[in-house]
Amino acid sequence: WIEYSFSATVMVLLISSYSGITDITSIIGIAGANVGMILFGWIQERMNPPDRTSTTMMPFWFGTIVGLAPWIAVVTNIIGSETVPGFVYGIIVAQFIFFFSFGLNQWLQYRRIGRWADYAFGEKTYLVLSLGAKSVLAWQIYGGSLGN
């Protein structure tokens, strides 16, 4: 969870920067909200061990609300902007899908739906999503930067 709070926050700050968000107060707020979202995920895991008899989704929903804030800021900043490079829109769409796939994975895992009834399947899915999100972002930034 510590590594994820660092790496995912670096990713969302890169996305924010490419979307034109550069003032320090916004950067601090976006970083804080992203770390908060991840910490709610950690609380979700701690409150719902694999051998539990009941499940609470309260930390999940609080994390979802907190995790929306950076994305609302990014989308608000790019709407109607003439200075955001075209490739940034692709970054935002792809990473939005990846970021919220983490939430969907957690929801399926804690609801024990389908293959996610096996706790290990959900954990493996996190690994694949993490590698995919980071790789796609790196290639999008690299390719987009070369094109500009």
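Do any residues in region 131-148 that are more than 16 Å from Pro85 (Cβ to Cβ) have Cβ atoms under 6 Å from those of residues that are surrounded by 13 or more Cβ atoms within 10 Å (Cβ to Cβ), where the two are at least six apart or on different chains, and which pairs are they?
Ala133/Phe98; Val136/Ala94
Going by the conditions given, is Gln95 touching a Gly at 6+ places or on another chain (Cβ under 7 Å), in a helix (DSSP H, G or I) and touching a residue at least 24 places away in the same chain (Cβ under 8 Å)?
Numbers: touching a Gly at 6+ places or on another chain (Cβ under 7 Å): no; in a helix (DSSP H, G or I): yes; touching a residue at least 24 places away in the same chain (Cβ under 8 Å): yes.
It is false that Gln95 is touching a Gly at 6+ places or on another chain (Cβ under 7 Å), in a helix (DSSP H, G or I) and touching a residue at least 24 places away in the same chain (Cβ under 8 Å).
I'm trying to understand the selection: among the residues of region 65-79, which are free of Cβ contacts under 8 Å to residues at least 12 places away in the same chain, farther than 17 Å from Leu104 by Cα and assigned to a helix (DSSP H, G or I)? Steps first, please.
Looking only at region 65-79, we keep the residues that are free of Cβ contacts under 8 Å to residues at least 12 places away in the same chain, and these are 65, 68, 72, 76, 79.
Adding the requirement that they be farther than 17 Å from Leu104 by Cα leaves 72, 76, 79.
Of everything in region 65-79, those that are free of Cβ contacts under 8 Å to residues at least 12 places away in the same chain, farther than 17 Å from Leu104 by Cα and assigned to a helix (DSSP H, G or I) turn out to be Ile72, Thr76.
For region 1-55, how many residues meet the condition of being of a type in the set (Val, Ile, Thr) and touching a residue at least 12 places away in the same chain (Cβ under 8 Å)? Show your work before the answer.
Going residue by residue through region 1-55, those that are of a type in the set (Val, Ile, Thr) are 2, 9-10, 12, 15, 21-22, 24-25, 27-28, 30, 35, 38, 43, 53, 55.
Subset that is touching a residue at least 12 places away in the same chain (Cβ under 8 Å): 9, 12, 15, 21, 27, 30, 35, 38, 43, 55.
The total comes to 10.
Listed here are the residues, each with its yes/no results for (1) at pLDDT below 95; (2) surrounded by 17 or more Cβ atoms within 10 Å (Cβ to Cβ); (3) not in a helix (DSSP H, G or I).
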{"site": "Ile28", "(1), (2), (3)": "no, no, no"}
{"site": "Ile38", "(1), (2), (3)": "no, yes, no"}
{"site": "Thr55", "(1), (2), (3)": "yes, no, yes"}
{"site": "Gly63", "(1), (2), (3)": "no, yes, no"}
{"site": "Ser81", "(1), (2), (3)": "yes, no, yes"}
{"site": "Val88", "(1), (2), (3)": "yes, yes, no"}
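Would you check which residues across region 97-148 are surrounded by fewer than 16 Cβ atoms within 10 Å (Cβ to Cβ) and in contact with a Phe, Trp or Tyr (Cβ under 6 Å, 6 or more places away or on another chain) and list them?
Of everything in region 97-148, just one residue is surrounded by fewer than 16 Cβ atoms within 10 Å (Cβ to Cβ) and in contact with a Phe, Trp or Tyr (Cβ under 6 Å, 6 or more places away or on another chain), namely Arg115.
The values are calculated or read from the model by the stated rules, or taken from the named source; none is laboratory data. Please read all numbers here as calculations on a predicted model, not as lab measurements. In this analysis, Cβ positions are derived from the backbone assuming ideal geometry, glycine residues included, and neighbour counts consider all displayed protein chains.
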